[in-house]
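Notes follow once the structure below has been shown.
The values are calculated or read from the model by the stated rules, or taken from the named source; none is laboratory data. Computed from a predicted model, the values in this text were never measured in an experiment. Note that we place each Cβ from the backbone using ideal geometry, even for glycine, and neighbour counts take in every protein chain shown.
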Amino acid sequence: MTAFLWNLMLALLWAAMLGNVTSENLLTGFVIGFALLALIDTQHGPSRYGTQAWNVVRLVAGVGWDVLVANVRVAYEIATPKLHTRPAIYRYDMEARTDAEITLLTLIVTFAPGTLALEVSEDRKAIYVHVMFATTREAFCQELRERVEIPLLRALR
């Protein structure tokens, strides 16, 4: 059974022991179960559950911050009379290989205002991205790799 299912079972057990199944008790039980499962050593070494969960939290927080910054930048562009856009289309060579990794990467890129994943190359090693505020291709690729792809792959692998 996966650690997540164990965590859900521990949360339900916690709420049942308290005799009151409320969202607060379930959340408390989930947090306590998470802490226990993250600290437990398995037969094959330390549990990866805590590390994976932390990587997911970091990915969500990073993407959330990037979306907020992109929204402010696009809103400023719309609200001011002078255009500051420098649109471009860049080829980004991915480290992502599985369908899930490629799909999530393109969705995250498209989710942020000012960027749009246009196409995945036929060899599935690159995506073409339209950007509203172009820098150099190298700077864009480095930022996308560091801010999105590496955290995504850490969360999925």
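Among the residues of the stretch 54-67, are any loosely packed, with under 13 Cβ neighbours inside 10 Å and either of a type in the set (D, E, K, R) or more than 16 Å from the chain's Cα centre (by Cα) (or both)?
Just the residues of the stretch 54-67 that are loosely packed, with under 13 Cβ neighbours inside 10 Å, to begin with: 57, 60-61, 64-65.
From what is left, the residues that are either of a type in the set (D, E, K, R) or more than 16 Å from the chain's Cα centre (by Cα) (or both) are none.
So far as the stretch 54-67 goes, no, none of its residues is loosely packed, with under 13 Cβ neighbours inside 10 Å and either of a type in the set (D, E, K, R) or more than 16 Å from the chain's Cα centre (by Cα) (or both).
Out of everything in the stretch 15-37 that is surrounded by 13 or more Cβ atoms within 10 Å (Cβ to Cβ) and among the polar types (S, T, N, Q), what residue ends up being nearest to T2 (Cα to Cα)?
T28
Please count how many residues of the stretch 33-51 are at pLDDT 75 or above, farther than 25 Å from A15 by Cα and β-branched (V, I, T).
Here is the first cut: in the stretch 33-51, the residues at pLDDT 75 or above are 33-40, 48-51.
Still in the list and also farther than 25 Å from A15 by Cα: 48, 51.
Adding the requirement that they be β-branched (V, I, T) leaves 51.
Number of matching residues: 1.
Which one of these does A117 not meet: (1) crowded, with 16+ Cβ neighbours inside 10 Å; (2) within 18 Å of V57 (Cα to Cα); (3) of a type outside the set (V, I, T)?
Against the list (1) crowded, with 16+ Cβ neighbours inside 10 Å; (2) within 18 Å of V57 (Cα to Cα); (3) of a type outside the set (V, I, T), A117 comes up short only on (2).
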